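Okay, so here's the structure we're looking at.
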Amino acid sequence: MSTEKIPYKIYLSEDELPKQWYNVRADMQKKPAPLLNPATLNPVTPQELGAVFCDELVKQELDETTPYIDIPEEIQSFYKMYRPSPLVRAYCLEKTLGTPAKIYYKFEGNNTSGSHKLNSAIAQAYYAKKQGLKGVTTETGAGQWGTALSMACSYFDLDCKVYMVKCSYEQKPFRREVMRTYGASVTPSPSMTTEVGRKILAEFPDTNGSLGCAISEAVEAATSTEGYRYVLGSVLSQVLLHQTVIGLETKTAMDKYGIKPDIIIGCAGGGSNLGGLIAPFMGEKLRGVADYNIIAVEPASCPSLTRGVYAYDFCDTGKVCPLQKMYTLGSGFMPSANHAGGLRYHGMSAILSELYDQKLMSAVSVEQTAVFEAAQKFARVEGILPAPESSHAIKVAIDEALKCKETGEEKTILFGLTGTGYFDMYAYQAYNDGKMSDYIPTDEELQKSFASLPKTN
Ligand SMILES: *Cc1c(COP(=O)(O)O)cnc(C)c1O
């Protein structure tokens, strides 16, 4: 089919949508390290995890051998409301860059929550409902996850309590109102509603909050309220599993036209969109069927893969969650206050950390002014106003395409465009006003943060 012109958008029919998620751990010879109980330092048991997470999700979290896991009918139906997401050939961007490279992006922003997070939110809400729970608690930073979860919970008639990082709560009132419109209750974190929140406020009364701190509050609220469990929008292996619909759709669409990406690029915060996009391709790489150059892109101001250490660490500031072995900057790490572009989490998915450690993928870090420059260039020719997070991937896709221009190579580049940036206009404003700056943490700062790693390592 190579003579046929590739359409601007490659869609799939409903019949071609994935009916199973793909569990990449099944094809990994060396698996990610087990989660540890922070008190005993033994691997967590399903019973222990069951106090925090829904039973079916605990099973998925701990399952490292089943390659394909059925997507329940109800979730498939919900997916059909906004999936398949388009796989777009960036003809206009290619032309502007004057590159011989062929650029494709998988756009996950075409739903009200504006990002890929809905793919996992709906799965997690479904399993909570099926277990007969009353509701779920969670944290949200920039607000995309809280928005996605509130949509999913309203669909299944579940209560949804969101702890929103305080600075975002104040800077992003519209995100907050979207969540409330879908019926969620939104509390700025740290708050006085939990013990851990009161403790953090007593120590740091002026804190703007952090994701790690909001996680601790949400976990406490779940474990101390009858009929509630905690859900998380990234990092966990179950979340990467749900996000594989991104990669599976992409693979089916590309296979239809005989396209094979040479380079696959994604932004990495906790690793869920990247893990989902690359999963079926990484599976082929692990099975020795095909090879791909896979690149994770992270902010230079929060560089967990490129400058972090691979060690057991706390997932949250309050140190209540299981310990996870991951590339981390230390759970006390706070990105600089001028950091506008999302992707602020101190650690990285255990699956991606292990794949990265095995050198099956690489990582680069980029500075935020360069990211917004790429975002603007992309918006002006491709039309979509990208989320700052997604724009990290755009930046590196453009860099790779420009390298092809120099060498004349006609490489095929695929990147994940995870969402839209309509709620990030303060960040765009700072960029447009020339007031955006870059900040790269010093080695001393990172060393200080590494000192807070637990002594298990
Ligand atoms: C949350 C988010 C990310 C980063 O999260 P990952 O788990 O690393 O995928 C990236 N882009 C958008 C639009 C997001 O909302």
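The values are calculated or read from the model by the stated rules, or taken from the named source; none is laboratory data. On a predicted model such as this, the values are computed, not experimentally measured, just so you know. FYI the Cβ positions are ideal-geometry reconstructions off the backbone, even for glycines, and counts take in every protein chain you see. The protein model used for the area step is the full one, side chains on, heavy atoms only, and it has no ligands, DNA or RNA in it. Shrake-Rupley method; radii C 1.70, N 1.55, O 1.52, S 1.80 Å.
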Members of segment 283-314 that are part of a helix (DSSP H, G or I), within 15 Å of the ligand (Cβ to nearest atom) and open to solvent by less than 10 Å² (accessible area, probe 1.4 Å): Ser304, Leu305
Glu249 vs. criteria open to solvent by less than 30 Å² (accessible area, probe 1.4 Å), among the charged types (D, E, K, R) and in the same structural domain as Val320 (by TED's automatic domain parsing): yes
Verdict on Gly212 being buried (at least 22 other Cβ atoms within 10 Å of the Cβ), under 25 Å from Val136 (Cβ atoms), in contact with a His (Cβ under 8 Å, 6 or more places away or on another chain) and of a type outside the set (A, V, I, L, M, F, W, C): yes
Where a residue in segment 158-172 is in the same structural domain as Val231 (by TED's automatic domain parsing) and its partner, wherever it lies, is aromatic (Phe, Trp, Tyr), with Cβ under 9 Å and at least six apart: Asp159/Tyr228; Cys160/Tyr182; Lys161/Tyr228; Val162/Trp145; Gln171/Tyr426; Lys172/Phe423; Lys172/Tyr426
Hey, Ile440 among the β-branched types (Val, Ile, Thr), surrounded by fewer than 16 Cβ atoms within 10 Å (Cβ to Cβ) and part of a loop (DSSP other than H, G, I, E, B) or not: yes
Unmet requirement for Lys319, which otherwise passes all of (1) under 19 Å from the mean Cα position of the chain (by Cα); (2) surrounded by fewer than 23 Cβ atoms within 10 Å (Cβ to Cβ); (3) in a loop (DSSP other than H, G, I, E, B): (1)
Of residues in segment 245-282 being over 23 Å from Ala123 (Cα atoms) and acidic (Asp, Glu), the one farthest from the ligand (Cβ to nearest atom): Asp255
Test for Thr244: is it surrounded by 24 or more Cβ atoms within 10 Å (Cβ to Cβ) and of a type in the set (Ser, Thr, Tyr): yes
Selection status of Gly233, within 16 Å of the ligand (Cβ to nearest atom) and either within 18 Å of the chain's Cα centre (by Cα) or surrounded by 24 or more Cβ atoms within 10 Å (Cβ to Cβ) (or both): yes
Sole exception among (1) open to solvent by 30 Å² or more (accessible area, probe 1.4 Å); (2) at pLDDT below 90; (3) touching a Cys at 6+ places or on another chain (Cβ under 8 Å) for Gly183, by number: (2)
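Any idea how many residues of segment 114-138 are within 12 Å of the ligand (Cβ to nearest atom) and in contact with a Gly (Cβ under 8 Å, 6 or more places away or on another chain)?
Summing the residues that are within 12 Å of the ligand (Cβ to nearest atom) and in contact with a Gly (Cβ under 8 Å, 6 or more places away or on another chain) in segment 114-138 gives 7.
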